[in-house]
1. Quick one: in the stretch 128-155, of everything that is in a helix (DSSP H, G or I) and in contact (Cβ under 8 Å) with a residue 40 or more places away in the chain, which residue is farthest from the chain's Cα centre (by Cα)?
2. Considering only the stretch 65-79, I want to know if a residue exists there that is out of contact with any Gly (no Cβ under 7 Å at 6 or more places or on another chain), in contact (Cβ under 8 Å) with a residue 60 or more places away in the chain and of a type in the set (Asp, Glu).
3. What residue, among those in the stretch 70-87 that are buried (at least 16 other Cβ atoms within 10 Å of the Cβ) and not small (Gly, Ala, Ser), is modelled with the lowest pLDDT?
4. From the list Gly380, Gly335, which residue is open to solvent by less than 60 Å² (accessible area, probe 1.4 Å), in contact with a Gly (Cβ under 8 Å, 6 or more places away or on another chain) and at pLDDT below 90?
5. Among the residues of the stretch 193-206, is any of a type in the set (D, E, K, R), open to solvent by 30 Å² or more (accessible area, probe 1.4 Å) and farther than 23 Å from Gln256 by Cα?
6. Considering each residue of the stretch 50-61, count those that are surrounded by fewer than 21 Cβ atoms within 10 Å (Cβ to Cβ) and either in contact with an Asp or Glu (Cβ under 7 Å, 6 or more places away or on another chain) or not small (Gly, Ala, Ser) (or both), and give that number.
7. Somewhere in the stretch 31-39, is a residue more than 29 Å from the chain's Cα centre (by Cα), buried (at least 16 other Cβ atoms within 10 Å of the Cβ) and part of a helix (DSSP H, G or I)?
8. Of everything in the stretch 231-251, what is within 27 Å of Gly333 (Cα to Cα) and within 12 Å of the chain's Cα centre (by Cα)? Give them in sequence order.
Amino acid sequence: MHDDDAQHGPLAGFTVGVTAARRAEELGTLLTRRGAAVLHAPALRIVPLADDRELLAATEELVADPPDVVIATTAIGFRGWVEAAEGWGIGERLLDLLRGTELLARGPKVKGAIRAAGLTEAWSPQSESMAEVLDRLLQEGVPGRRIALQLHGEPLPGFVESLRAAGAEVVGVPVYRWMPPEDIAPLDRLLDATVARGLDALTFTSAPAAASFLKRAEGRGTLPELLDALNHDVVTACVGPVTALPLQAKGIDTVQPERFRLGPLVQVLCTRLPARARALPVAGHRVEIRGHAVLVDGALHPVPPAGMALLHTLARRPGWVVSRADLLRALPGSGTDEHAVETAMTRLRTALGAPRLIQTVVKRGYRLALDPSADTKYDGS
């Protein structure tokens, strides 16, 4: 880590998109604390349990016709289900049903939620793995058995299919269903910012959010442009491999932490983004070009979008002259007036606080004043 990272935070000068609905604030705080600018747009919303007619219908059906086995998959989902049933006035009947059935808990957290409700699980795997739960059920034999599965927003690939293929009747209990956001405008702004390379990284914390993000781009006809941005310029960071599946299915490379938590996810970005920033020796200064700001000798200088567009264009071939016409094409929403380049260039030089970094080459254009000793090292590659 550079000294300036300690001063400004490793993500200073970078913009990170957050698609999470739950825990978005927590993730946003972790990012801003490390210096990032955050653009948030939930790709999904969660249907509140008390309003969920599907969950009520599934619960009433189970109370009327009890299953042989109930599988609890998440602590928050199990607690929510019991609380919602209490709110509907069928809480005691649901608890009676759960007392009289083979109750399986996927892991210690769920076991805790079951015991907090005054119940006892019949069995729980050591690994928190649904594969282990499936193996146990198939070994016990499931033909003709009625199995209720508490779902939690995300489908469990292959789990239900395997049980049905082995002869079980499976009833899904849809706790926490995902829906598109009520206000789609922030999501559209995030999509536009991604396509325009206004972001340096985009974060995903659930597979449904990733799928919803891609689906919205497809619906707007901008999926090819989005995929191009994610494949070449915007780092796509996922909390874990399950979250990454919808993106990988579209050929997008993702980065993931080794531990599937928000802290390590942010840490991955703290390593990746500064490593991608271009650091150049220019006019006796160390210049590091980040997403929306520039570090000049460790001091952070925010730069407006037009200035960043010019700087990125000059930095592609540091030391080489770039014509006004080429720079005009790089400006966002540019017209045909080359005077716009001069205006943006004046603002850029002011923002950088070191006017000699960029030289005007009369009648030809502008160049980054790369230090001569560095010519062989940065020959435009």
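1. Ranking the qualifying residues of the stretch 128-155, first place goes to Leu137.
2. Going through the stretch 65-79, the residues out of contact with any Gly (no Cβ under 7 Å at 6 or more places or on another chain) turn out to be 65, 67-74, 76-79.
Now drop any that are not in contact (Cβ under 8 Å) with a residue 60 or more places away in the chain, which leaves 65, 67-74, 76-78.
Restricting the remaining residues to those that are of a type in the set (Asp, Glu) gives 65, 68.
The answer is yes, given that some residue of the stretch 65-79 is out of contact with any Gly (no Cβ under 7 Å at 6 or more places or on another chain), in contact (Cβ under 8 Å) with a residue 60 or more places away in the chain and of a type in the set (Asp, Glu).
3. Narrowing the stretch 70-87 to residues buried (at least 16 other Cβ atoms within 10 Å of the Cβ): 70-75, 77-82, 84-85.
After this cut, where a residue has to be not small (Gly, Ala, Ser) as well, the list is 70-71, 73-74, 78-79, 81-82.
Values: Val70: 97, Ile71: 97, Thr73: 93, Thr74: 89, Phe78: 95, Arg79: 93, Trp81: 94, Val82: 95.
In this case the residue turns out to be Thr74.
4. Numbers: Gly335 fails: in contact with a Gly (Cβ under 8 Å, 6 or more places away or on another chain).
It is Gly380.
5. Taking the stretch 193-206 as the starting set, the residues that turn out to be of a type in the set (D, E, K, R) are 197, 200.
Narrowing further to those that are open to solvent by 30 Å² or more (accessible area, probe 1.4 Å): 197.
Next, only the ones that are farther than 23 Å from Gln256 by Cα stay: none.
Scanning the stretch 193-206 turns up no residue that is of a type in the set (D, E, K, R), open to solvent by 30 Å² or more (accessible area, probe 1.4 Å) and farther than 23 Å from Gln256 by Cα.
6. Here is the first cut: in the stretch 50-61, the ones surrounded by fewer than 21 Cβ atoms within 10 Å (Cβ to Cβ) are 50-54, 56-58, 60-61.
Now restrict to residues that are either in contact with an Asp or Glu (Cβ under 7 Å, 6 or more places away or on another chain) or not small (Gly, Ala, Ser) (or both): 51-54, 56, 60-61.
The qualifying residues number 7.
7. Just the residues of the stretch 31-39 that are more than 29 Å from the chain's Cα centre (by Cα), to begin with: none.
Taking every residue of the stretch 31-39 in turn, none turns out to be more than 29 Å from the chain's Cα centre (by Cα), buried (at least 16 other Cβ atoms within 10 Å of the Cβ) and part of a helix (DSSP H, G or I).
8. Residues of the stretch 231-251 that are within 27 Å of Gly333 (Cα to Cα), as a first pass: 231-236.
The answer is Val234, Val235, Thr236.
The values are calculated or read from the model by the stated rules, or taken from the named source; none is laboratory data. Quick caveat, the model's predicted, so the values are computed rather than measured. Using ideal geometry, Cβ is built from the backbone for each residue, glycine included, and neighbour counts are taken over all protein chains shown. Keep in mind that these areas ignore ligands, DNA and RNA; they rest on the heavy atoms of the full protein, side chains included. Shrake-Rupley method; radii C 1.70, N 1.55, O 1.52, S 1.80 Å.
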